[in-house]
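The values are calculated or read from the model by the stated rules, or taken from the named source; none is laboratory data. All values reported here derive from a predicted model rather than from experimental measurement. All Cβ positions, even for glycine, are placed from backbone atoms using ideal geometry, and neighbour counts span all protein chains on display. Just so you know, the surface numbers come from the protein's heavy atoms only, side chains and all, with ligands and any DNA or RNA stripped out. Shrake-Rupley method; radii C 1.70, N 1.55, O 1.52, S 1.80 Å.
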Amino acid sequence: MPASLDGPAQNVPKPVMPELAREESREGAQAFLDYWSDAMWYAYQTGDTSYARDIISDSCDVCSDQLDLLEEIYQSDAWAVGGRESVTIKESTITSGPDGVYKPVVSGVTEGAKLIENGQVSLDVPPDSGAGDPHVIYMDYVQGEWVYISAANLPGGNHADT
């Protein structure tokens, strides 16, 4: 049951990485990003950040800070509602750069999120359709697995780095 103003989510299915998400290909990268979305949403719904931490680079301080904050929220008997973000690779093919890192251009959609503390909405982040605002996701493929490094704005974009 998803989170609501009445309480945190219950019986949320754990994210499962599909086999395709382990393939070094455009389709594999998209499947990995779909799983990343599931793992992040699971963290928002439950406060369990382990699935997201398993696939995010240790060098992504923004990611670690976001996950630390989610843990703190749930430890303080608060919870999140919403939070799902999905990204779609816009390019028909992807290749790694000279540094070995893949940098696909993506469009993202977020459903918005609310922070519930003491039965009240203390933070309300509106949805974002991502229309016309592509960004780059940095990801690596190491020892048969994708790793999410970070995301960055394209020049002229208005998304925050994540």
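For the range 60-83, name all the residues that are within 30 Å of E24 (Cα to Cα) and modelled with pLDDT of 90 or more. Lay out the reasoning, then the answer.
From the range 60-83, those within 30 Å of E24 (Cα to Cα) are 60-68, 83; that's our starting set.
Of everything in the range 60-83, those that are within 30 Å of E24 (Cα to Cα) and modelled with pLDDT of 90 or more turn out to be C60, D61, V62, C63, S64, D65, Q66, L67, D68.
Considering (1) open to solvent by 80 Å² or more (accessible area, probe 1.4 Å); (2) at positive phi; (3) modelled with pLDDT of 90 or more, say which one N118 fails and leave the rest.
Every listed condition holds for N118 apart from (3).
Would you check if there is a residue in the range 143-154 being modelled with pLDDT under 90 and more than 14 Å from the chain's Cα centre (by Cα)?
For the range 143-154, residues modelled with pLDDT under 90 and more than 14 Å from the chain's Cα centre (by Cα): present.
Any idea which residue in the range 10-63 is least open to solvent (accessible area, probe 1.4 Å), counting only those that are more than 14 Å from the chain's Cα centre (by Cα) and polar (S, T, N, Q)?
Ranking the qualifying residues of the range 10-63, first place goes to S25.
With respect to A52, is the statement that it is farther than 22 Å from S150 by Cα and among the aliphatic types (A, V, I, L, M) true?
On the way: farther than 22 Å from S150 by Cα: no; among the aliphatic types (A, V, I, L, M): yes.
In short, no.
Can you name every residue in the range 14-40 that is among the basic types (K, R) and free of Cβ contacts under 8 Å to residues at least 60 places away in the same chain?
Within the range 14-40, the subset among the basic types (K, R) is 14, 22, 26.
Within the range 14-40, K14 is the sole residue that qualifies.
Working only within the range 70-108, note down all residues that are open to solvent by 20 Å² or more (accessible area, probe 1.4 Å), closer than 27 Å to G7 by Cβ and over 14 Å from the mean Cα position of the chain (by Cα).
Across the range 70-108, the qualifying residues are E71, E72, I73, Y74, Q75, S76, D77, W79, V81.
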